[in-house]
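Novice: Quick one: the structure is below, and I'll ask about it shortly.
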Amino acid sequence: MAAQFIKYIWEVPAVPLSFTLHYLKTQLFTTLPLPTTSYSSKTVIITGANSGIGLEATRHYVRLGAARVIMACRSTERGERAKASIALPAGNEAVIEVWPLDLCSFESVKAFCKRAQEELNRLDVLLLNAGIAMGEFELSEGYETTITTNVISTFFMGIKLLPLLRRTGIERNEESHLTFVASEAHYFTAFKERHEDKIFESYKSKGDHYWGDRYGASKLLEVLLTRELAETLDQRAGGPGKIPIIVNSVTPGMCGATSLFRSAPWIIAVIIRSMSWIIARSPDQGARILMAAAEGGRETHGKYIDSGKVHDPSKFALSDEGKKAGKKAWGELMEILETIEPGSTFMLG
Ligand SMILES: NC(=O)c1ccc[n+]([C@@H]2O[C@H](COP(=O)([O-])OP(=O)(O)OC[C@H]3O[C@@H](n4cnc5c(N)ncnc54)[C@H](OP(=O)(O)O)[C@@H]3O)[C@@H](O)[C@H]2O)c1
């Protein structure tokens, strides 16, 4: 493990000085104002809403008058406890609902989406925020748990709920939003799996590479796959701007006081906690950034958002090799989703 970690440090691409300066500057000096957009009559789903950044975003959507806010939580008990900490609008306590969702189980994702299709008459914002950084090697549904949670199930859910987002956009004549919560960790991955015949197959075992790299790889995959999803939707709709859904990815930046690194590999947790002590934002600031992405305009479609603005993703993501890896991962993901549930990719339109 120590030898693999040292090898991994050498393999991680050098981060350009421009990114380091941008990162320090935005972490230390960029603050977003209190969100003020009205969500009156809107329906919002937030995954991983019981803690950290997702919980703070939930508080804002409720404060901004959303008609229905669905907290998608793997533990409804933790979800209910978190709900109890949110100030509800007088006379409308039904505004928040806690629905069970375990991204480690494809059956749970299917059940959640079926319920959403049956019970929601609209869906304006789908904020796919839940994420994990595993410290022990574990499989969920046959793939390493970080990859199953952050990538496969998250995209499965996003794609399954496209018809509801699309219908809402058409009926309201206003774009609905599908936002994937990625991370600047996508800059710091060696992502050696891109050289394998099948990227996702290599996540079925511990493999030869430092597997603590998988959090960064999962976040890179989210950035690459968001771009592919946006392109696919545009192509199927007959050109850019024809689909009433905006799809984007966002990083909240490093936020302290969340549970994210509770199970991360210890060495990563030590590095992050030390950095976090100096430069972390509050989860509330992180939430404001996610919400800015989840109401972004057409210029954000397929793009990566950092500190409230469209920003270039990593050099690798922009490179020809990164684009090729994104297409390869997208093709594989489509096959996996068809295996989980035949016909699920028809939802792309
Ligand atoms: N904090 C940061 O510095 C930072 C930086 C960049 C990006 N991000 C991203 O921001 C997002 C939110 O992170 P956070 O910092 O707020 O961490 P957090 O407090 O740990 O929140 C993560 C949420 O995801 C949920 N979750 C994990 N596995 C799940 C599963 N299998 N099914 C359903 N929900 C699951 C957690 O539920 P449980 O409570 O049940 O575990 C929790 O509610 C993540 O996607 C993370 O990668 C965070």
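The values are calculated or read from the model by the stated rules, or taken from the named source; none is laboratory data. What you see is a predicted model, and the numbers here were worked out from it, not measured in a lab. With ideal geometry, Cβ positions are generated from the backbone for all residues, glycine too; neighbour counts draw on all protein chains shown. In case anyone asks, the SASA skips ligands and DNA or RNA and just uses the protein heavy atoms, side chains included. Shrake-Rupley method; radii C 1.70, N 1.55, O 1.52, S 1.80 Å.
Novice: Could you please find all residues in segment 224-242 being open to solvent by 10 Å² or more (accessible area, probe 1.4 Å) and of a type outside the set (Asp, Glu)?
Specialist: 227, 232, 235, 236, 237, 238, 239, 240, 241, 242
Novice: Output yes when any residue across segment 30-50 is without any contact (Cβ under 8 Å) to a residue 24 or more places away in the chain, away from the ligand (no atom under 16 Å from the Cβ) and open to solvent by 50 Å² or more (accessible area, probe 1.4 Å), and no when none is.
Specialist: no
Novice: Sticking with this one: Which is surrounded by fewer than 22 Cβ atoms within 10 Å (Cβ to Cβ) and more than 14 Å from the chain's Cα centre (by Cα), of 214, 166?
Specialist: Answer to the check: 166.
Novice: Is it true that residue 30 is modelled with pLDDT under 95 and β-branched (Val, Ile, Thr)?
Specialist: yes
Novice: Still on this structure, I have one more. Could you check how many residues of segment 186-211 are in a helix (DSSP H, G or I), crowded, with 17+ Cβ neighbours inside 10 Å and either in contact with a strand residue (DSSP E or B) (Cβ under 9 Å, 6 or more places away or on another chain) or of a type outside the set (S, T, N, Q) (or both)?
Specialist: Of the residues in segment 186-211, 9 are in a helix (DSSP H, G or I), crowded, with 17+ Cβ neighbours inside 10 Å and either in contact with a strand residue (DSSP E or B) (Cβ under 9 Å, 6 or more places away or on another chain) or of a type outside the set (S, T, N, Q) (or both).
Novice: Quick one: in segment 259-299, of everything that is within 9 Å of the ligand (Cβ to nearest atom) and modelled with pLDDT of 90 or more, which residue is nearest to residue 125 (Cα to Cα)?
Specialist: Looking at the filtered set, the residue picked out is 290.
Novice: Still on this structure, I have one more. Would you confirm whether any residue within segment 223-239 is in contact with a Pro (Cβ under 8 Å, 6 or more places away or on another chain) and acidic (Asp, Glu)? Can you show your working first?
Specialist: Step one: of segment 223-239, the residues in contact with a Pro (Cβ under 8 Å, 6 or more places away or on another chain) are 223, 234.
So of that shortlist, the ones also acidic (Asp, Glu) come out as 234.
The answer is yes, given that some residue of segment 223-239 is in contact with a Pro (Cβ under 8 Å, 6 or more places away or on another chain) and acidic (Asp, Glu).
Novice: Taking segment 167-204, which residues are farther than 25 Å from residue 127 by Cβ and charged (D, E, K, R)?
Specialist: 192, 193, 194, 196, 197, 198, 201, 204
Novice: Confirm whether residue 126 is open to solvent by 50 Å² or more (accessible area, probe 1.4 Å), within 21 Å of residue 293 (Cβ to Cβ) and away from the ligand (no atom under 13 Å from the Cβ).
Specialist: no
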